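Here the structure comes first, spelled out in structure tokens, and everything after it is commentary.
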Amino acid sequence: MKSFKYILILPIILFSTVTNAKETAMTRADRADQTYERLFRSLRTANPTDPEFMEILQRNIFGEVFYTGSLNHKERELITVVALTTMQTLPQLKAHINAALNIGNSPLEIREAIYQCAPFIGFPRTLNAIGVFNEVAKERNISLPLENAGATTEENRHTKGLEIQTGLYGSEVKEAMSSLPAEYKEIVPDTLTDFCFGDFYTRKGLSIKQRELLSLVILTTIRAEKQLSAHIVGALKAGNDKETLLAAMLQAIPYIGLPNALTTINLIKEAQIENYKPIYE
């Protein structure tokens, strides 16, 4: 009976070995074909006007970047959506909102990823991206408005925002602003607490861990170098590990460029991860 059991297991082992060998043997073009079809539900074809450039682009993004690091495709597409929202590259944003839906992100997750950009890039540019999302939703017969995701009231938004902010960043912002004149030493840090953390980090649809990772991508895209180190710490304390942060930067490179991503990669490299215990999952 034991030998018969081994006979049954052997084909499974052999099949697994053959499958892994096939995946290893795939070229960048093969992988690009596979990923492109999953994301966009169509076959990858040669571009009629710039075939060489588009082949470089697609092999890099879909045949290489998508196979680097531990992020899943859903995470990669949310990162792409916030990067494109931040840069206001709206035609590409529309394509990747569709891809994010195709790969399994819910409409609420995508909407919340776009909303998360508002404290960092302002309302007008966020509204442009919301308009693109709504356009895609209508084309795909997704009922609007989506469900409410707010989790605070006017009375508790400061308290709830401060709870998240303090957990991730302590009181460093308030201390840094203490030298501002008169009421501004209270108004400026309170605006950050209420607007960024109270209005957005408290919302449903995405975890604090996800919001911190996406915020780091947004800040990298807009070159907010003074805020990057603090948000790397915040992302680690929110439950992300160093590998996830590095994978997110690599995912962003084709969209935001090497210099921006490398700035954050160097800061991640220097972060002393052992000093930061996750407080969220």
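The values are calculated or read from the model by the stated rules, or taken from the named source; none is laboratory data. Computed from a predicted model, the values in this text were never measured in an experiment. Cβ coordinates were reconstructed from backbone atoms using ideal geometry, including for glycine residues, and neighbour counts include every protein chain displayed. Please note that ligands, DNA and RNA were not included when accessible areas were found on the heavy atoms of the full protein model with its side chains. Shrake-Rupley method; radii C 1.70, N 1.55, O 1.52, S 1.80 Å.
So with the 1.4 Å probe, I'd like the accessible area per residue for the chain, rounded to whole Å².
Working: 15130 Å² over 281 residues.
Result: 54 Å² per residue.
Report, in debye and to the nearest 20, how large the dipole of the range 97-216 comes out about its Cα centre when Lys and Arg carry +1 and Asp and Glu carry -1 on their Cβ.
Numbers: 12 positive and 16 negative charges, 86 e Å.
Here the range 97-216 has a charge dipole of around 420 debye.
Pick out, from N60, S207, C117, the residue whose Cα sits farthest towards the positive end of the charge dipole of the chain, with +1 on the Cβ of Lys and Arg and -1 on the Cβ of Asp and Glu.
Highest projection toward the positive end goes to N60.
Based on the Cβ-Cβ distance of T49 and A271, what FRET efficiency does E = 1/(1 + (r/R0)^6) give at R0 = 41 Å, to the nearest 0.05?
Values: r = 44 Å, r/R0 = 1.06.
Step by step, r from the Cβ atoms, then E = 0.40.
Can you bin the range 69-127 into rounded, prolate or oblate? Criterion: square roots of the alpha carbon gyration tensor eigenvalues sorted a ≥ b ≥ c, rounded for a/c under 1.5, prolate for a/b above b/c, oblate for the rest.
On the way: a/c = 1.74, a/b = 1.63, b/c = 1.07.
Because a/c hits 1.5 or more and a/b exceeds b/c, the range 69-127 counts as prolate.
Which order do the peptides 153-162, 176-185, 243-252 take when ranked by the mean count of other beta-carbon atoms within 10 Å per residue, highest first?
Details: 153-162: 14.4, 176-185: 11.0, 243-252: 21.4.
Ranking the peptides 153-162, 176-185, 243-252 by packing returns 243-252, 153-162, 176-185.
Of all accessible surface on the range 68-145 at a 1.4 Å probe, what whole percent is carbon and sulfur? Walk me through the intermediate numbers first.
Details: 1660 of 3010 Å².
Result for the range 68-145: 55 percent of the exposed heavy-atom area is carbon or sulfur.
Please sort 94-105, 259-270, 207-218 by packing, taking for each peptide the average over its residues of neighbouring beta carbons within 10 angstrom, highest first.
In decreasing order of mean packing, 94-105, 259-270, 207-218 become 207-218, 94-105, 259-270.
Can you find, among T89, L228, I164, the residue sitting farthest towards the positive end of the charge dipole of the chain, where Lys and Arg contribute +1 and Asp and Glu -1 at Cβ?
T89
Let me spell out the model: positive unit charges on the Cβ of Lys and Arg, negative unit charges on the Cβ of Asp and Glu, origin at the Cα centre of the chain. What dipole size does that give, in debye rounded to 20? Each step should come with its number before you reach the end.
Working: 30 positive and 32 negative charges, 173 e Å.
Approximately 840 debye in magnitude.
Between rounded, prolate and oblate, where does the range 131-281 land on the alpha carbon gyration tensor, with a ≥ b ≥ c its root eigenvalues, rounded for a/c under 1.5, else prolate if a/b exceeds b/c? Walk me through the intermediate numbers first.
Values: a/c = 1.65, a/b = 1.05, b/c = 1.57.
It comes out oblate by the Cα gyration axes.
I'm checking a number: the convex hull volume of the Cα atoms of the chain, normalised per residue, in Å³. What is it?
Working: hull volume 54.5 nm³, N = 281.
In the chain, the Cα convex hull volume per residue is 194 Å³.
For the residue pair R28 and D241, what label-to-label distance in nm results when each label sits 7 Å from Cα along the Cα-to-beta-carbon direction?
Going by the 7 Å Cα→Cβ label model, 2.8 nm.
With a ≥ b ≥ c taken as the square roots of the eigenvalues of the C-alpha gyration tensor of the range 19-103, please select rounded if a/c is under 1.5 and otherwise prolate if a/b is larger than b/c or oblate if it is not? Intermediate values should be presented prior to the final figure.
Values: a/c = 1.89, a/b = 1.25, b/c = 1.51.
Oblate, because a/c is 1.5 or more while a/b does not exceed b/c.
Between the range 56-134 and the range 168-205, what's the alpha-carbon centroid distance in Å?
27 Å
Taking the Cα centre of the range 24-162 as origin and charging only Cβ (+1 Lys, Arg; -1 Asp, Glu), how large is the dipole, in debye to the nearest 20?
Values: 15 positive and 16 negative charges, 16 e Å.
Value, rounded to 20: 80 debye.
Relative contact order, percent, of the chain when contacts are C-alpha pairs under 8 Å separated by at least 6 residues? All intermediate terms of the calculation are to be shown ahead of the outcome.
Numbers: 326 pairs, mean separation 52.5, N = 281.
Reported relative contact order: 19 percent.
Quick one: Karplus J couplings for the range 121-135, per residue in order, coefficients 6.51, -1.76, 1.60, θ = phi - 60°, nearest Hz, x for Gly and Pro?
10, x, 6, x, 5, 5, 4, 4, 5, 4, x, 5, 4, 4, 4
Given the -39500 (n - 2.57) contribution per DSSP H run of 4+ residues, what per-residue ellipticity at 222 nm results for the chain, rounded to the nearest 500 deg cm²/dmol?
Details: 15 runs with 189 residues, N = 281.
Counting only the DSSP helices, I get -21000 deg cm²/dmol.
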